[in-house]
1. Yes or no: ALA149 farther than 19 Å from VAL232 by Cβ, among the small types (Gly, Ala, Ser) and touching a Ser or Thr at 6+ places or on another chain (Cβ under 6 Å)?
2. When you look at ASN207, is it surrounded by fewer than 23 Cβ atoms within 10 Å (Cβ to Cβ) and farther than 15 Å from LEU241 by Cα, yes or no?
3. I'm trying to understand the selection: among the residues of region 47-104, which are among the aliphatic types (A, V, I, L, M), under 17 Å from the mean Cα position of the chain (by Cα) and not in a strand (DSSP E or B)?
4. In region 50-70, how many are touching a strand residue (DSSP E or B) at 6+ places or on another chain (Cβ under 9 Å), farther than 16 Å from ASP35 by Cα and open to solvent by 60 Å² or more (accessible area, probe 1.4 Å)?
5. I need the full set of residues from region 248-302 which are open to solvent by less than 70 Å² (accessible area, probe 1.4 Å), in a loop (DSSP other than H, G, I, E, B) and either within 30 Å of TYR67 (Cβ to Cβ) or modelled with pLDDT under 85 (or both), in order please.
6. For residues that are touching a helix residue (DSSP H, G or I) at 6+ places or on another chain (Cβ under 8 Å) and surrounded by fewer than 12 Cβ atoms within 10 Å (Cβ to Cβ), tally how many sit in region 88-108.
7. Across region 129-142, which residue is nearest to GLN199 (Cα to Cα) among those that are polar (S, T, N, Q) and modelled with pLDDT of 90 or more?
8. Hey, among LEU119, LEU108, which residue is within 27 Å of the chain's Cα centre (by Cα), over 21 Å from GLU260 (Cα atoms), not acidic (Asp, Glu) and not in a loop (DSSP other than H, G, I, E, B)?
Amino acid sequence: MKCDDELMSRPRDLGDSCLRGGTSETLHAKCGDDDYYLQVLYDSDTALLGIWMSRIPRRILLEAVSYVFRTHGEVRRISYRYSLEPLGVWSRVNHFRIVLPESQDKLLAEMPKHERQNLNSRLRKLHKEGNITFHEYQANWNNPDTLEAFNKYFEFKNITHNRKYNLTASQYIQKYQVSNIYVLRCNDDVVAVRLSCEQCPVAGGENISYSRDYAKFYPGIIIQYNFLAELVRKGKTELFLGGSHYTGQQKYKQHFNSIEETAYEGIIYRSLAAHLVHKTIMAAKTFIKAALPVKLLAVIKSIKNGTPIEHNM
């Protein structure tokens, strides 16, 4: 998927999946009777290794890295996310995934008893508020329903997480490779919005937002259940949810028999000098974060992001 010119001019971040006018290559390695495939996205002097939770032997990964540097002289660094093997300059992260059952009946039956009881109770209470419906839309930004869903998604995220994306619906879809949008409604109200990436048998749960007006009904959990049931109906095998760097955050990822695993993200540099520079910068950032007061760090971050600081008078 190509990105529009305005989006391509924005700084890239680690979670950016947009092709940005670069090129991609699929690598194939054979080890005994096993075949391994991984994709590489080339963008200027950086390559992104597509190995998200792929069970590829370390030896194959190192050979892939060597191949990229050997055949692409312009590449100075290779980045990756959610690798099962630490490579280069890395940091440890967590990752949640849900193995999907063969039927929707099993999805509910295999839930822990207390989760199942809580879900049914919340559904009953929400149904008392009005007519509850679940909708799915393709990620077509020309569709009015899709635009409404994204407007609500942006609105909810701003209220619950103070997050401003500064993107249009079309730019968000391109940036994060969104393929499907799910909406939970109560009468005419949008209660929750679920975005997903369903380009292969393993789906990606891109993001979720909900109306604070309905927070007491746990709308995120309710739409997640409906979303999972739909993935099962489509024959998807797993759902990747990514991770959380913050203890106690994103608790919805811990439901529905999710599996939490240790993974790694990082950068592999072509030269040892660049590697050492990066390690030094990261060490300095860690020291500054530990040494400076939290409020001062917030001020520095706001200046960097160009957002105003609110002062209590």
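1. Numbers: farther than 19 Å from VAL232 by Cβ: yes; among the small types (Gly, Ala, Ser): yes; touching a Ser or Thr at 6+ places or on another chain (Cβ under 6 Å): no.
So ALA149 does not fit the description; no.
2. Working: surrounded by fewer than 23 Cβ atoms within 10 Å (Cβ to Cβ): yes; farther than 15 Å from LEU241 by Cα: no.
Considered against the rule, which asks whether it is surrounded by fewer than 23 Cβ atoms within 10 Å (Cβ to Cβ) and farther than 15 Å from LEU241 by Cα, ASN207 comes out as no.
3. Result: ILE51, MET53, LEU84.
4. Qualifying residue count for the region: 2.
5. GLY248, SER271, LEU292
6. Adding up the residues that qualify gives 1.
7. If we filter region 129-142 for residues that are polar (S, T, N, Q), which is where we start, we get 131, 133, 138, 140, 142.
If we keep only those that are modelled with pLDDT of 90 or more too, we end up with 131, 133, 138.
Values: ASN131: 32, THR133: 25, GLN138: 12 Å.
My answer is GLN138.
8. Details: LEU108 fails: over 21 Å from GLU260 (Cα atoms).
So the residue among LEU119, LEU108 that is within 27 Å of the chain's Cα centre (by Cα), over 21 Å from GLU260 (Cα atoms), not acidic (Asp, Glu) and not in a loop (DSSP other than H, G, I, E, B) is LEU119.
The values are calculated or read from the model by the stated rules, or taken from the named source; none is laboratory data. Keep in mind it's a predicted model, so treat the numbers as computed, not measured. Please note: Cβ atoms are built from the backbone with ideal geometry, for glycine as well, and neighbour counts cover all protein chains shown. Each accessible area value is taken on the protein alone, full model and side chains, heavy atoms only, with ligands, DNA and RNA left out. Shrake-Rupley method; radii C 1.70, N 1.55, O 1.52, S 1.80 Å.
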